[in-house]
Amino acid sequence: ASELGLCLNLEKCEVTPTAGMASDVDLAQFPQAMKRNLMRQFKLLGTPIGEQDFVAQYLKTKRIEEVVEILRELPELEDLQIVHKLLTSCLGASKVRYSMRTSRTDWVASELQACDSALKATFENYLGFALPDPTWQQCQLAMSSGGLGLVRGRVEEDEVRAHLFADMHVLVAE
């Protein structure tokens, strides 16, 4: 690889034994320039890995609270079309969905449900009335399917879809 100009930047590499300090890994076998992370809780590709409290706190502060804060500021906008575009395309929803696919959602179900409830409440605030559940479910469908594209969905359904997809991907990879 070095003849192609590809070289490993050891200062950007990290050794992370998942057992933390209790690991049997001989860290002396790795170059000194590599960082060592001996914590049992860490973030990898935007996914918190560790114990339940760490995962829940990470998702709450790095994903959910950001979305809820933006939802609180939306009432300042007067143009409903802009609000709709923000609700369907922005707000860090893709980060929340990614977190649902890569984390144990049973550990953070209450945080995810709070996020979904805040989305529904914001939308109902703009409409000026509460939506019955069947109507809210239709709003969550893609516009091509007769919905409004508020695709965040209910936690329980998305959790099942996310884990099924992840499990299928693992089976295909094997």
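What to note about this one:
- A count restricted to the stretch 128-146 and to residues that are in a loop (DSSP other than H, G, I, E, B) and either crowded, with 19+ Cβ neighbours inside 10 Å or at pLDDT 85 or above (or both) stands at 7.
- Taking every residue in the stretch 43-70 that is small (Gly, Ala, Ser) and pairing it with any residue that is surrounded by fewer than 14 Cβ atoms within 10 Å (Cβ to Cβ), at least 6 positions away or on another chain, the pairs with Cβ-Cβ distances below 8 Å are Gly50/Met39.
- Residue-level check: of (1) modelled with pLDDT of 75 or more; (2) of a type in the set (Gly, Ala, Ser); (3) open to solvent by 70 Å² or more (accessible area, probe 1.4 Å); (4) part of a helix (DSSP H, G or I), Ser94 misses just (1).
- Boolean, Pro48 is assigned to a strand (DSSP E or B) and modelled with pLDDT of 85 or more: yes
- Beta carbons closer than 8 Å, at least 6 apart along the sequence or on distinct chains, pair a first residue in the stretch 105-127 that is modelled with pLDDT under 85 and of a type in the set (Asp, Glu) with a second that is open to solvent by 20 Å² or more (accessible area, probe 1.4 Å) and part of a helix (DSSP H, G or I) for Asp106/Glu159; Glu111/Lys60.
- One residue from Ser89, Ser99 being modelled with pLDDT under 85, under 30 Å from Ser144 (Cβ atoms), out of contact with any strand residue (DSSP E or B) (no Cβ under 9 Å at 6 or more places or on another chain) and of a type in the set (Ser, Thr, Tyr): Ser89
- Residues (in a helix (DSSP H, G or I) and either loosely packed, with under 10 Cβ neighbours inside 10 Å or in contact with an Asp or Glu (Cβ under 8 Å, 6 or more places away or on another chain) (or both)) located in the stretch 1-19: Ser2, Glu3, Leu4, Lys12
- A single entry from Lys35, Lys43 fulfils the requirement of being open to solvent by 100 Å² or more (accessible area, probe 1.4 Å) and within 22 Å of the chain's Cα centre (by Cα): Lys43.
- When we screen Ile64, Ile49 for residues that are among the β-branched types (Val, Ile, Thr), open to solvent by 50 Å² or more (accessible area, probe 1.4 Å) and within 24 Å of Cys115 (Cα to Cα), the only hit is Ile49.
The values are calculated or read from the model by the stated rules, or taken from the named source; none is laboratory data. Predicted model, so just to flag it, every value in this text is computed and none were measured. Note: ideal-geometry Cβ built from the backbone for every residue, glycine included; neighbour counts use all protein chains shown. The area values use the complete protein model at the heavy-atom level, side chains included, leaving out ligands, DNA and RNA. Shrake-Rupley method; radii C 1.70, N 1.55, O 1.52, S 1.80 Å.
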